[in-house]
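Quick note: the coordinates plus some simple rules give every number you see, no bench work behind them. Please read all numbers here as calculations on a predicted model, not as lab measurements. Cβ placement follows ideal geometry from the backbone for every residue including glycine, while neighbour counts extend to all protein chains displayed.
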Amino acid sequence: MEMGKECLRLDLHDFQVEAIHALAHLHSNILCVRGTGSGKSAIIRGAAVVLEGVTIVVEPLHSVQADQTISTVIPGFVVHNLDLTKDPAAQAKVKNHIDGLTSRKNACTIINTSPQSLLSSSVWSPTIKGAFQRDVVSLIANDEAHKTAQDEAYFRPEFAALASIFALARD
């Protein structure tokens, strides 16, 4: 766990260390309920460091995605935001990066996305499915899950379809 602390350059709380351990070493599903600003997102980033590979972070709000993309600075990691990558040349660069990953070792990539981009985009959906097929995805996380639970039917019904992405991880 020291590698995760060192790479994140954070003093992790006990709950964060326990959650990262559960994700990275016990391969457990976890639900972390904590207040705003308590460090839930650091759990995802810490697990990404320990697991290597591609970490897909599904976030309901574009503002949260943008903030997480900008604030995630981990040495050796590449961070992409699929929703904010609109320019075709930038999309091609991100797509080529993800398509070029052949193993989890040294892949070290975090993808911030909305469920819409993950499930229905003609650019991103095949790219993400290919990453699953090559077994380079090590973690899928739903950040801001409380927003999903509160407003799923009205806010973003696409969250209900995320099961199809999780099924790719099991196949």
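Worth pointing out:
- For the listed peptides 101-111, 37-47, a ranking on the average number of other beta carbons within 10 Å per residue, highest first, reads 37-47, 101-111.
- Amide H contacts under 5 Å for I110, placed H, 5+ residues apart: T55, V78, V79, H80
- A protection proxy built from the mean count of other Cβ atoms within 10 Å ranks the segments 128-134, 88-94, most packed first, as 128-134, 88-94.
- The alpha carbon centroids of the stretch 118-141 and the stretch 45-59 are separated by 14 Å.
- Potential extension, I30-D87 segment - 0.36 nm per residue separation minus Cα distance: 17.0 nm
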